[in-house]
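The structure under discussion appears below in the form of structure tokens.
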Amino acid sequence: MKKIIFTVMLTGFLMAGCEGLRFAPSENQKQNAWLHSRTTTIASDTARDENVSEKLKALTRLSDIQSRALTGYYGMPSELPKAYTADDILDESNFILADVAISESVQRPDAWQLADSAMELGIALSALLGGIYGTRAVKFLKDAREKSKALKEIIQGNEIFKQLNSENVTEFKDAHKSQSPQTRQIVSAMKS
């Protein structure tokens, strides 16, 4: 019964994917958030001091307030970029920093790595519990980890085969028509 529950939980985890999981903010992302806050503050101050519409003044003031949430969420960087004036902020290095922060922000953990890490944690906890159930759980989790690794290798090999043999993709798909809907769903989730 415990095996079934674990298998269902593992399958659900793998099917859910990693979209909701993110890496902790990097130093570049923290610097970019802080720089954004400084940019909005200077833009708000500039709009207040110059002859602009009340609407633009209100928008820049709101943007300045909203940007504080980003800095609070990301945390303060260990090294603050030079951003005392508009010219400091408009330095080319800050545009590069923004591009790097964007590319880092879209990165997600690999589902295979997460599943393997979860199984390692389960093995460690089971070994810690000890006893007959702990020993059985360790064996079960080690088997599950090996099966997960094998499935990953099969899926990767199939994808390479389809890329190298595009003329045989129809036959390849026909050969897999007998798969159960559950298997298809698991493979589809793992491919993405």
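The values are calculated or read from the model by the stated rules, or taken from the named source; none is laboratory data. Computed from a predicted model, the values in this text were never measured in an experiment. Note that we place each Cβ from the backbone using ideal geometry, even for glycine, and neighbour counts take in every protein chain shown.
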Some residue of the range 159-180 being within 27 Å of GLU120 (Cα to Cα), among the polar types (S, T, N, Q) and out of contact with any Cys (no Cβ under 6 Å at 6 or more places or on another chain): no
Only listed residue being under 30 Å from PRO25 (Cβ atoms), small (Gly, Ala, Ser), in a helix (DSSP H, G or I) and in contact (Cβ under 8 Å) with a residue 60 or more places away in the chain, chosen from ALA144, ALA115, ALA124: ALA115
Count of residues meeting criterion [over 16 Å from ARG38 (Cα atoms) and aromatic (Phe, Trp, Tyr)] in the range 79-117: 1
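Name the residues in the range 61-90 that are more than 31 Å from the chain's Cα centre (by Cα), farther than 19 Å from ALA101 by Cβ and outside any loop (DSSP other than H, G, I, E, B), would you?
Those that are more than 31 Å from the chain's Cα centre (by Cα), farther than 19 Å from ALA101 by Cβ and outside any loop (DSSP other than H, G, I, E, B): ARG61, ALA86, ASP87.
Within the range 155-162, identify whether any single residue is without any contact (Cβ under 8 Å) to a residue 40 or more places away in the chain and not in a helix (DSSP H, G or I), and answer yes or no. Even if it seems obvious, please write down each step before you answer.
Here is the first cut: in the range 155-162, the residues without any contact (Cβ under 8 Å) to a residue 40 or more places away in the chain are 155-162.
If we keep only those that are not in a helix (DSSP H, G or I) too, we end up with none.
Within the range 155-162, not a single residue is without any contact (Cβ under 8 Å) to a residue 40 or more places away in the chain and not in a helix (DSSP H, G or I).
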Unmet criterion (only one of (1) surrounded by 13 or more Cβ atoms within 10 Å (Cβ to Cβ); (2) under 30 Å from ASN28 (Cβ atoms)) for ASN158: (2)
The range 92-122, subset within 10 Å of the chain's Cα centre (by Cα) and farther than 19 Å from THR71 by Cβ, residue surrounded by the most Cβ atoms within 10 Å (Cβ to Cβ): ALA111
Members of the range 127-136 that are loosely packed, with under 12 Cβ neighbours inside 10 Å and either outside any helix (DSSP H, G or I) or β-branched (Val, Ile, Thr) (or both): GLY130, ILE132
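Yes or no, residue by residue, for (1) among the hydroxyl-bearing types (Ser, Thr, Tyr); (2) more than 26 Å from GLN113 (Cβ to Cβ); (3) surrounded by 10 or more Cβ atoms within 10 Å (Cβ to Cβ):
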| residue | (1), (2), (3) |
| --- | --- |
| VAL138 | no, no, yes |
| LEU141 | no, no, yes |
| GLU146 | no, no, yes |
| LYS149 | no, no, yes |
| GLN163 | no, no, no |
| GLU167 | no, yes, no |
| THR170 | yes, yes, no |
| LYS173 | no, yes, yes |
| LYS177 | no, yes, no |
Residue within the range 131-142 that is more than 23 Å from the chain's Cα centre (by Cα) and at pLDDT 90 or above present: no
Of all residues making up the range 155-192, the number that are modelled with pLDDT of 80 or more, of a type in the set (Val, Ile, Thr) and within 24 Å of ASP110 (Cβ to Cβ): 2
Flag for GLN185 being in a helix (DSSP H, G or I) and without any contact (Cβ under 8 Å) to a residue 60 or more places away in the chain: no
